[in-house]
1. Quick one: dipole size for the chain, taken about the Cα centre, charges +1 on Lys/Arg Cβ and -1 on Asp/Glu Cβ, in debye to the nearest 20.
2. How much mean residue ellipticity at 222 nm does the chain get from its helices, if each DSSP H run of length 4 or more adds -39500 (n - 2.57) and you divide by all residues, to the nearest 500 deg cm²/dmol?
3. Any lysines with Cα under 22 Å of the Lys63 Cα? List them, leaving off those in the same chain fewer than 8 positions away.
4. Whenever you get a sec, compute what percent of the accessible area on the chain sits on carbon and sulfur atoms (1.4 Å probe).
5. If the cut-off is a Cα-Cα distance under 21 Å, which lysines reach Lys50, setting aside same-chain residues fewer than 8 apart in sequence?
6. With unit charges on the beta carbon (Lys/Arg positive, Asp/Glu negative), name the residue among Ser81, Phe121, Ser143 whose Cα is farthest towards the positive pole of the charge dipole of segment 70-157.
7. Is segment 133-196 best put as rounded, prolate or oblate by its Cα gyration tensor, with a ≥ b ≥ c the root eigenvalues, rounded for a/c under 1.5, and otherwise prolate when a/b is larger than b/c, oblate when not?
8. Anyone know which of Glu175, Glu33, Glu129 comes out most mobile in the 10 Å Cα GNM of the chain?
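The values are calculated or read from the model by the stated rules, or taken from the named source; none is laboratory data. All of these numbers come straight from a predicted model, not from anything done at the bench. Neighbour counts are summed over all protein chains in view; Cβ atoms, including those assigned to glycine, are modelled from backbone coordinates with ideal geometry. When the accessible area is computed, the model is the full protein with side chains, heavy atoms only, and any ligands, DNA or RNA have been set aside. Shrake-Rupley method; radii C 1.70, N 1.55, O 1.52, S 1.80 Å.
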Amino acid sequence: MNVVQLGANSGNDHVSDFIRRYSDQINKVLLVEPISIVADECREYYKDFKNDITVHACAVANKNGTAELTYIPGTNLRLSSMVPGLHSDFMNPATTTMTVPTLTFDSLFAKHALSTVDVLFVDCEGIDEDLLIHYDFAKYNTSYVVWEYNHSQRRNPQQHSALIDKLMDYGGVLENRGTNKIFTKLGTENYITTLQ
């Protein structure tokens, strides 16, 4: 299988646990992290894994180009977001932005020769469902999706409902796991994840 994670941060999470557990079943892993210094930390973390793992420094968006990422310098960059008012922490006067490159799903996957993405993890701090509502699950034969839904649902409840309908039409089951949802297409292995 091919595994993609959007918002990989510096590694050492439920996705790295997943890669270890299913290592023998994995062909390629593509980890996407928009902040270049964090992407470098991610590369360092995964350097001794035996799988074919690539870290790409960009954000996924609905168009190729650039976007502004809001963050607070000198803090946990996991709180960075393309939604300026997402976190109450962003009221801090030190809050600023950085420009990051963006690619669409199609451009990103073409760049890495991925015609199938069996497993997709998404943690993009508030835009998860903005991306997934436009994602072509059938085109990439994606059968297992884990995403953080709480920020997206609060920002756009109608879009959240539309995404759930889209996934149900695609054929599968949904599970809530904390602030995340897990979609498993019918007939797919029931993967084990350490996500809390």
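1. The dipole of the chain has a size of about 140 debye.
2. -7000 deg cm²/dmol
3. Straight-line reach from Lys63, under 22 Å: Lys111, Lys139, Lys166.
4. Summing carbon and sulfur atoms, their accessible area is 48 percent of the total for the chain.
5. Lys28
6. Ser81
7. Oblate is the answer for segment 133-196, as a/c is 1.5 or above yet b/c matches or exceeds a/b.
8. Greatest mean-square fluctuation among the candidates belongs to Glu175.
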